[in-house]
Amino acid sequence: MLVDAERLHIAVQKSGRLSDLSRGLLTDAGLRIANGKNALAARIENFPADLMFVRDDDIPTFVADGACEFGIVGQNVLYEFALDEGEERCEVVAALGFGHCTLKLAAPEGAQWHGAESLAGQRIATSYPNIVDAWLAERGIDAEAVKMNGAVELAPRLGIAPFICDLVSTGATLEANGLRAVDTVLDSEAVLIRTRKPVTGPKQEQAERLWKRLQGVIGTRDAKYIMLNAPSTALPAITRLLPGAEAPTILPLHGRPGHFAVHAVCQESVFWETLHDLKAAGASAILVLPIEKMML
Ligand code: ATP
Ligand code: MG
């Protein structure tokens with residue numbers, strides 16, 4: 001497929017934990033991705049942009065260099081890159097609420113652990129040596145991060161390093177390798193990044209349009225539209241209870257003096273708990289509606 005210089009480029013992971021979720025976000029934003037899952041690139045049929053399918057480790061570089069205007073990548077990968085290359089090279093524009101994982105320090109089951117000082121003079125196997133070095137430096141601990149590109153859990157068994165620092169979601173892999181998590185180095189999730197290289201010509205406007213569209217979905221994934229009725233005396237308490245709602249609309253109810261309808265976009269999840277609290281504060285006829293699209 002020929003890459004058109006007039007089209008935007010979005011870097012997403014080719015195949016891995018973030019691939020489907022990244023595509024999902026783009027499809028939710030109304031972008032139609034042309035078929036051909038194994039290709040290195042795919043055209044977006046209804047927007048002047050192409051997806052580039054790459055290794056997640058390459059995403060910050062492509063975006064920093066301006067080869068891709070946007071990218072979706074884990075904070076863990078981005079920070080590792082930023083510590084080498086400077087964090088000003090990509091702009092993080094949104095946290096995406098998926099791809100959650102934790103970079104943890106782990107030690108062999110029987111090993112002594114008295115806190116981070118136990119690492120002094122030791123070796124730590126990891127795919128994230130820059131992040132580990134920064135974490136050690138912050139604590140004034142002198143230890144050596146040994147870079148491994150995969151199978152980090154094997155390092156203690158192979159005698160490469162007694163400690164490891166690796167991504168964990170359930171801890172099952174650690175356990176299976178006779179290791180236990182002893183400290184957390186970083187909590188991570190996927191983020192949307194944007195190039196800081198100037199985008200010129202027609203692409204500039206397209207980039208803004210794309211960002212607005214994505215913002216609409218990112219902002220609305222948890223957002224709900226709440227409608228309720230309340231007496232005027234209850235309005236201050238009720239507006240305080242609405243999660244993440246700015247400036248609700250308050251309208252007089254026809255034929256019920258002193259009673260109002262409150263409409264609000266809640267940017268945060270609305271739980272049953274909140275509804276009970278609203279009711280207790282005097283609200284009635286509470287409706288919670290999904291929001292399909294939003295443009296701010
Ligand atoms: P690639 O071939 O693209 O380099 P990879 O093997 O480095 O793939 P994956 O294992 O697919 O990467 O993970 C991609 C990202 O998913 C991680 O960098 C991290 O941000 C996130 N992630 C979420 N949960 C986990 C987990 N349990 N283990 C590892 N990564 C996770
Ligand atoms: Mg990778």
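The values are calculated or read from the model by the stated rules, or taken from the named source; none is laboratory data. Please read these numbers as outputs of a predicted model, since none were measured by experiment. Reconstructed Cβ throughout: ideal geometry from the backbone, glycine too, with neighbour counts over all protein chains shown. For the accessible areas, the whole protein counts, side chains as well, though only heavy atoms, and no ligand, DNA or RNA atoms are used. Shrake-Rupley method; radii C 1.70, N 1.55, O 1.52, S 1.80 Å.
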Legend entry - DSSP bridge pairs, the range 1-111: antiparallel proportion in percent, nearest 5: 35 percent
Inset, instruction - Would you list which lysines come within 18 Å of LYS279, measuring only between C-alpha atoms, while excluding same-chain residues fewer than 8 positions from it? - result: LYS224
Legend entry - Contact order relative to length of the chain, as percent, for alpha carbon pairs under 8 angstrom and 6 or more apart: 18 percent
Inset, instruction - With springs only between Cα atoms under 10 Å apart, run a GNM on the chain and tell me which of LEU78, LEU235, LEU105 wobbles the most. - result: LEU235
Inset, instruction - Go through THR184, THR220, VAL132 and say which Cα lies farthest out towards the positive end of the charge dipole of the range 97-252; charges sit on Cβ, +1 for Lys and Arg, -1 for Asp and Glu. - result: THR220
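For the range 224-290, what ratio Rg/Rh do Cα atoms give with a Kirkwood hydrodynamic radius? Write out the running numbers ahead of the final one.
Working: Rg = 10.8 Å, Rh = 11.6 Å.
Value, to two decimals: 0.93.
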Legend entry - Selected from ALA106, ALA29, ALA281 as most flexible by GNM, with the chain as the system and alpha-carbon contacts under 10 Å: ALA281
Legend entry - Value at 222 nm in deg cm²/dmol, rounded to 500, when DSSP H runs of n ≥ 4 in the chain each add -39,500 (n - 2.57): -8000 deg cm²/dmol
Legend entry - ILE291 long-range amide H proximity, modeled H, under 5 Å: TYR225
Inset, instruction - Specify the residue with the greatest mean-square fluctuation among LEU210, LEU242, LEU192, computed from a Gaussian network of the chain linking alpha-carbon atoms under 10 Å apart. - result: LEU242
Inset, instruction - Return the long-range amide H neighbours of ARG196 (sequence gap of 5 or more, or a different chain), with a cut-off of under 5 Å between placed amide H atoms. - result: GLU91
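List the relative contact order of the range 101-188 as a percent without decimals, with contacts defined as Cα pairs under 8 Å and 6+ residues apart. Write out the running numbers ahead of the final one.
Working: 173 pairs, mean separation 42.9, N = 88.
It comes to 49 percent, rounded to a whole number.
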Inset, instruction - Go through ARG240, ARG213 and list them by solvent-accessible area, largest first, probe radius 1.4 Å. - result: ARG240, ARG213
Inset, instruction - Return the Rg/Rh value of the chain, two decimal places, where both radii are evaluated on C-alpha atoms and Rh is the Kirkwood radius. - result: 1.09
Inset, instruction - Could you state the accessible area per residue of the range 131-272 in Å², with a 1.4 Å probe and every protein chain left in place? - result: 54 Å²
Inset, instruction - Grab the alpha carbons of the range 29-164, take their convex hull, and tell me the volume per residue in Å³. - result: 144 Å³
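Under unit Cβ charges (Lys, Arg +1; Asp, Glu -1), what dipole magnitude, rounded to 20 debye, does the chain have relative to its Cα centre?
Details: 28 positive and 37 negative charges, 226 e Å.
The calculation lands at about 1080 debye.
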